[in-house]
Amino acid sequence: MNILILNGSPRKNGKISQLLHTAEKSLLEKGNFVTFVDVSSIEFKPCIGCMACRSKGSCILPQDDAHKIAEEIKNCDSIIVGSPVYWGNMNGYLKCLFDRLVGVMMGESKHGMPIPLHKGKKAVIITSCTTPFPFNILAGQTTKAEKAIKEILGYSGFKVHAKIRLAGTKGMKEVPKKILKKAAKIF
C-alpha cells in the first residue's frame with residue numbers, strides 16, 4: 001500500500017510528530033511504501049483564489065512543493081493527516097496546503113457541485129491539543145479540528161478509517177503508550 005503522511009505540526013519532536021512517526025515505522029515494517037511530509041518544512045505559495053484549478057485539475061501557480069504533494073495525493077492509496085489543534089482548528093500550514101490542493105482533491109460539476117477524485121481511499125486523522133479530556137470534546141477543540149479535516153477529505157472521496165485524539169498535552173512529558181499503540185495499528 002502507498003501511504004502519504006502529512007504532518008501539520010511545526011514541532012519535529014512534538015506529540016503529533018511522535019504519533020505520525022510511530023505510524024510510519026509500523027507501516028514500513030508491514031511492507032508499505034510511506035511518504036512522510038513535514039508540511040511546515042516545504043515551500044509553497046498560498047492559494048490566490050483564482051479557481052482555475054477547478055477546471056484544470058491542478059494549480060496554475062508556478063511549480064513548488066504543493067505541486068509535488070498533489071502528485072503524492074494522486075498516487076497514494078491512503079492518507080494520514082496529523083495536526084495540533086490551534087483555536088479549535090487544524091494547523092495553519094496544513095490549511096494553507098489544503099487550500100492549494102483543491103484541484104487535485106476534488107473536481108467540480110458544471111453546476112458547482114464537488115466531485116470526489118479519491119473514492120475508495122482511506123484516511124486517518126490524528127489530533128492533539130492542550131485542553132484536557134473531556135473538555136477537548138465539550139469545548140469543541142479536537143472535534144472541530146477533526147471536522148474541518150474530515151470535511152476536506154470527505155469532499156475528496158477519502159473515507160475516514162480511524163481518528164486518534166491526544167488531549168491534555170500541556171506539561172505532558174511523553175505520549176502515553178496506549179495512544180502510541182493505536183498509532184502503530186491504524187492500518
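The values are calculated or read from the model by the stated rules, or taken from the named source; none is laboratory data. If you're wondering where the values come from, they're calculated on a predicted model, not measured in any experiment. All Cβ positions, even for glycine, are placed from backbone atoms using ideal geometry, and neighbour counts span all protein chains on display. Ligands, DNA and RNA are stripped out before the accessible areas are found, and what is left, the full protein with its side chains, is counted by its heavy atoms. Shrake-Rupley method; radii C 1.70, N 1.55, O 1.52, S 1.80 Å.
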Members of segment 144-162 found to be buried (at least 16 other Cβ atoms within 10 Å of the Cβ), in contact with a Ser or Thr (Cβ under 9 Å, 6 or more places away or on another chain) and farther than 14 Å from Asn91 by Cα, listed by number: Phe158
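Inside segment 163-178, can you point out the residues that are open to solvent by 40 Å² or more (accessible area, probe 1.4 Å), assigned to a loop (DSSP other than H, G, I, E, B) and touching a helix residue (DSSP H, G or I) at 6+ places or on another chain (Cβ under 9 Å)?
Narrowing segment 163-178 to residues open to solvent by 40 Å² or more (accessible area, probe 1.4 Å): 163, 165, 170-174, 176-178.
Okay, now just the ones that are also assigned to a loop (DSSP other than H, G, I, E, B), so 170-174, 176.
Answer for segment 163-178, where residues must be open to solvent by 40 Å² or more (accessible area, probe 1.4 Å), assigned to a loop (DSSP other than H, G, I, E, B) and touching a helix residue (DSSP H, G or I) at 6+ places or on another chain (Cβ under 9 Å): Met172, Glu174.
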Just to be sure I understand, how many residues within segment 1-53 are open to solvent by less than 50 Å² (accessible area, probe 1.4 Å), in a helix (DSSP H, G or I), touching a residue at least 40 places away in the same chain (Cβ under 8 Å) and of a type outside the set (A, V, I, L, M, F, W, C)? 5
Considering (1) open to solvent by 60 Å² or more (accessible area, probe 1.4 Å); (2) outside any helix (DSSP H, G or I); (3) closer than 24 Å to Ala145 by Cβ; (4) not polar (S, T, N, Q), say which one Ile79 fails and leave the rest. (1)
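Right, Ile69: assigned to a helix (DSSP H, G or I) and either surrounded by 17 or more Cβ atoms within 10 Å (Cβ to Cβ) or in contact with a Leu (Cβ under 7 Å, 6 or more places away or on another chain) (or both) or not?
Working: assigned to a helix (DSSP H, G or I): yes; either surrounded by 17 or more Cβ atoms within 10 Å (Cβ to Cβ) or in contact with a Leu (Cβ under 7 Å, 6 or more places away or on another chain) (or both): yes.
Taking the combined requirement at face value, the residue satisfies it.
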Could you tell me whether any residue of segment 99-111 is closer than 27 Å to Thr169 by Cα, touching a strand residue (DSSP E or B) at 6+ places or on another chain (Cβ under 8 Å) and open to solvent by less than 60 Å² (accessible area, probe 1.4 Å)? no
